[in-house]
Structure formats: structure tokens, C-alpha cells
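Peer 1: The following block contains the structure, expressed as C-alpha cells.
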Amino acid sequence: MFNNSTQKRCWIFQSEEILENMRTEANKKFQMKILPCAKLSPGALLEPQEEEVLRKYYEKRLLEFCSAFKPIMPKSVVGTASMYFKRFFLNNSVMEYHPRTIMLTSVYLACKVDEFNVSSSQFVANLWESPAGQEKALEQILDYLTECLMLKDNNECLSKLVEVIRRIKTLVKKYDPPRPEEVNLLKQKLEHLHSLDLGIITSLKKRKGYEEDGTISKKPKMEEEEWSDDDLADAM
């Protein structure tokens, strides 16, 4: 059964080097697509190692959001969301899809496939936002589910995705978080890229109301010994 599963076919890798090569290829692919179409110097774009710093930062923010979530989120859902976020950015660049929204989209989808029954209004109520801002955040999440994850009118794709994600029941391995000052610099670079009207980055409509990391979650309960108070503070 396992030998014929999508888990083995699509998500079993022989080494960490293969994963790094996939992320590097995603970065190069986006750079090759954007540079001929936009007046940007190569230095204005993120390098693979810079993308890694931002991915780790938002992976940590994902855990914080899940820790503070009401009602209490099962660990299996947290693990599913974390792994889904990681898998998405194996083949996509943070320059094309903002990790802030992919983070929330991963958590929302994990709630659904792991049968953690929260409504969409309950989900966005965990954001520090006005009701109007929460509604816009939900619209953005649903846009990413339909456009970025290509689930629109594709039941076969959805069923395969559910099959894969249901197998994930463990949290991601621990790692040292990036330095806050490094994250600050790279976030400025990332926000600048996403603020440009480059046309080909994404077909998703830009919306205001949910734009800052500070709106992602309320004060997290998670206390990790390897994270200092400065690490957990929002650098925005």
C-alpha cells in the first residue's frame, strides 16, 4: 500500500541535499522569470540563503500562531500545517508567494484535512484585526487555496493532497532561529518586492487590511528554552 502511495512517490527524499537543490531551483526559476520583465537588478532579489532565513522566521511564526490558537489546536494539526508550509516552498519562491499568507493558508488547510472543526470566522478571530480586516484576511487565504494550491474545480488534486497530508503526525524538527536583525533586513527586501507592480508575480488581487506580521496572532503561550524574549518579539 505504502509503495504505491503519493507519500512515497512525491515526498520521500534520499538526502537533505536534494531538498536544498529543489529550493535553489525554485529561486533560480523565479529570478529567470522576473528579471527580463522588470527593471530590477539581480541584487534586488533574494538569494536562496536569504529565502531560507525568511522561511525559518515564518515557520516560527506559524508555531506561535498555533500555540495561541483558540480553541486549543491538536499537535497533529500543527505538524500538518508546518510540513505543508515546508513542502509548498520546496517548489515555490517566497518572492512569488508571500510566506505570511502561505503560513496562514497552511494552518487553515491543516485544520480542514485533519478534521479540527473550526469555522472560517473562528479561524480569523485569532488574528489581531478588526472584523473588516479579518474578513479581508480570510478572502486572501481562500484566494491562495484556489489559485496557489490549484484546488479550484479539481477534486482529484484535493483528494491526493488530503491523502498525503493525513500521514503527517509529527512536529517539524527543531532548529536555531535566524537572528532578528537579519530577519529585519530581509523582510524589508521581501516587502519591497511584493509592493512592486511586476505583473507576473501573482494573479492574486492585492488587498489592504491584513498586511503586517503583528496582526497574525495574539500573545503566544509557547515557551521554548532556545528562544529568547527578543527572538519572540515582533520585529516589525
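The values are calculated or read from the model by the stated rules, or taken from the named source; none is laboratory data. This structure is a prediction, so every number in the text was calculated from the model and none was measured. Every residue, glycine as well, gets a Cβ built from its backbone with ideal geometry; the counts of neighbours run over all protein chains shown.
Peer 1: Restricting to segment 3-19, and then to whatever is free of Cβ contacts under 8 Å to residues at least 12 places away in the same chain and assigned to a helix (DSSP H, G or I), can you tell me which residue is surrounded by the fewest Cβ atoms within 10 Å (Cβ to Cβ)? Talk me through it step by step, then tell me what you get.
Peer 2: Step one: of segment 3-19, the residues free of Cβ contacts under 8 Å to residues at least 12 places away in the same chain are 3-4, 8-9, 12-18.
So of that shortlist, the ones also assigned to a helix (DSSP H, G or I) come out as 3-4, 8-9, 16-18.
On the way: N3: 6, N4: 8, K8: 11, R9: 10, E16: 8, E17: 9, I18: 10.
The qualifying residue surrounded by the fewest Cβ atoms within 10 Å (Cβ to Cβ) is N3.
Peer 1: If I ask for residues that are in contact (Cβ under 8 Å) with a residue 60 or more places away in the chain and under 12 Å from F65 (Cβ atoms), which ones from segment 89-113 would you list?
Peer 2: R100, M103, L104
Peer 1: Has segment 164-176 got any residue that is in a helix (DSSP H, G or I) and modelled with pLDDT under 90?
Peer 2: yes
Peer 1: With respect to L45, is the statement that it is among the aliphatic types (A, V, I, L, M), free of Cβ contacts under 8 Å to residues at least 24 places away in the same chain and out of contact with any strand residue (DSSP E or B) (no Cβ under 9 Å at 6 or more places or on another chain) true?
Peer 2: No, not satisfied.
Peer 1: Let me ask something else. Tally up the residues in segment 25-39 that are assigned to a helix (DSSP H, G or I) and more than 15 Å from K86 (Cβ to Cβ), please. Before you say what the answer is, go through the steps one by one.
Peer 2: Filtering segment 25-39 for residues assigned to a helix (DSSP H, G or I) gives 25-34.
When the remaining residues are screened for being more than 15 Å from K86 (Cβ to Cβ), the result is 25, 27-34.
Of the residues in segment 25-39, 9 are assigned to a helix (DSSP H, G or I) and more than 15 Å from K86 (Cβ to Cβ).
Peer 1: While we're on this one: With respect to L45, determine if the residue is among the aliphatic types (A, V, I, L, M) and buried (at least 21 other Cβ atoms within 10 Å of the Cβ).
Peer 2: no
Peer 1: Scan segment 40-97 for residues that are part of a loop (DSSP other than H, G, I, E, B) and within 24 Å of H194 (Cα to Cα) and report the count.
Peer 2: 14
Peer 1: Same structure, new question: Can you tell me how many residues within segment 110-120 are crowded, with 23+ Cβ neighbours inside 10 Å and modelled with pLDDT under 90?
Peer 2: Counting residues in segment 110-120 that are crowded, with 23+ Cβ neighbours inside 10 Å and modelled with pLDDT under 90 gives 0.
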